[in-house]
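The values are calculated or read from the model by the stated rules, or taken from the named source; none is laboratory data. Just so it is clear, the model here is predicted, and its values are computed rather than measured. Cβ placement follows ideal geometry from the backbone for every residue including glycine, while neighbour counts extend to all protein chains displayed. Accessible surface areas use protein heavy atoms only, side chains included; no ligands, DNA or RNA. Shrake-Rupley method; radii C 1.70, N 1.55, O 1.52, S 1.80 Å.
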Amino acid sequence: MTFQDLNLVAPILEALQQEGYTTPTPIQQEAIPIALAGKDLLGCAQTGTGKTAAFSIPILQLLNEAPQQGHRKIRTLILTPTRELAIQIGESIAAYGRKLPLKHVVIFGGVPQGPQTKALKDGIDILVATPGRLLDLMDQKFINLNDIEIFVLDEADRMLDMGFIHDVKRVVARLPKERQTLFFSATMPPEIQKLADTILVNPEKVEVTPVSSTAEKIKQYMLFVEKSNKKKLLVSILRNDAIKSVLVFTRTKHGADRVARDLHKSGVPAEAIHGDKSQGARQRALGNFKSGATRVLVATDIAARGIDVEALSHVINYELPNVPETYVHRIGRTGRAGASGTAISFCDTSEEFDDLKAIQKLIGLTIPVIKDHPYPMPEPGMVNIRLPKGKDVVKRTDANIVSQQRPQRHFNKHRSGKKPS
Ligand code: AMP
């Protein structure tokens, strides 16, 4: 199938050609005809599937079919959880709609509202917004949603994770009852299903790459390593020049800063990106990463949500996420648009083994463990036994061997990559 087969108008086809898109992705093939037909849509798709274009393209075409006369009113609202995603959606609309006379504005918090309200005053067709700033500007009467014809709720499950679900409901309550709604979520936890049931009318459901099926083209590896050795292990991995562009995930903002700082000290240039950085600093770090000027970007999950770098070769989970779906989101940052990617995860088995089990249950596979690395740690139920000459062998703790407190020469080749001397 080509984009021509989707009955798109020439200006959009030309813009897509300029973007270098030849074939619609599965979500685009299914969602574009549904949206063009004016139907509600429930799209189960994660970032990286081409879902932004799947909703942006039909919206552009529908709005262009009935252009506005006089002062423009906001006819489409796209609600998305993070500033980075909002900016990226804005860029997509600008790209796919570059040959159409439609206007859009992107609004998000953390920056002065002046330039945003000024842009809104001029009249626009499409508004891309994060929930907090939208409600704020609505309360100040800079925005009203009375003329919305199409409403997109993007990354609904992430809205829930980030505590925005109440804000989303407040926004929905202000929308006209008669409208088209396009609803996207990577996962469908019960609360999100309930929200979808209340805001969609007879939706068509489109599901691609369910979150539990991690992209097959991504190679995944698990390295057991003590927390105190993670820094050294990361440095040793990043010294490998074959790693061209890598996103390192930490659980906390503080952790992201610390890892970036430690890498710097060890001679591996890196930048950190998280919610406590100013918008300018985040954009700069992202720009450097996208252009290839920065090879290593350390990020928290929320900050990384909108990062879209096609050439990303590696993702490293410095810490495992405690929400298993987050693992799928993280590793989905690599291996995009047909490229292959590698995801390496560090697991301190004394603290993160339950997280690993939850991830493996969700994705339905056992992630291969690399034992041959400089700072190995045994899996739970096993201990490292120090042998003469500093060689370790891994033994079961229940094998009476620990209590003997003396070196054992017995070698369990299924459990250890090292031979005793
Ligand atoms: P998304 O899932 O919307 O974040 O898109 C993931 C990436 O795929 C973005 O970099 C898009 O520019 C790219 N993309 C979207 N649709 C296509 C397509 N049909 N062909 C090639 N790349 C695409």
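For the chain, a crude dipole built from +1 on the beta carbon of Lys and Arg and -1 on the beta carbon of Asp and Glu, taken about the Cα centre, is about 1920 debye to the nearest 20.
Phi-derived couplings, Karplus 6.51 cos²θ - 1.76 cosθ + 1.60 at θ = phi - 60°, listed residue by residue for the stretch 124-130: 9, 9, 10, 10, 10, 8, 8 Hz, with x used for Gly and Pro. Note on R170: accessible area is roughly 100 Å² with a 1.4 Å probe, heavy atoms of protein only.
Separation of the stretch 68-100 and the stretch 129-190, taken as the distance between their Cα centroids, equals 14 angstrom.
With contacts taken as Cα pairs under 8 Å at a separation of at least 6 residues, the stretch 3-208 carries a relative contact order of 29 percent. Decide, for the chain, between rounded, prolate and oblate: order the square roots of the alpha carbon gyration tensor eigenvalues as a ≥ b ≥ c, take rounded if a/c falls under 1.5, and otherwise choose prolate if a/b is larger than b/c, else oblate. Here the chain falls in the prolate category.
Only helices enter this figure: runs of n ≥ 4 DSSP H residues, each worth -39500 (n - 2.57), summed and divided by the residues of the chain, yield -11000 deg cm²/dmol at 222 nm to the nearest 500.
Only aspartates and glutamates eight or more places from K99 in sequence, or on another chain, were considered; those with a Cα closer than 18 Å are E14, E19, E65, E91, D125. Between the amide H of V152 and those of L77, I78, L79, L182, distances stay under 5 Å, these residues lying 5 or more places away or on another chain, with hydrogens modeled in the peptide plane.
Taking amide hydrogens as placed 1.01 Å from N in the peptide plane, the amide H of N317 sits under 5 Å from those of F249, I344, S345, F346, each at least 5 positions away in sequence or on another chain. In the chain, a dipole from Cβ-located charges (positive for Lys and Arg, negative for Asp and Glu) runs towards its positive end, and of A304, L13, S185 it is A304 whose Cα lies farthest in that direction.
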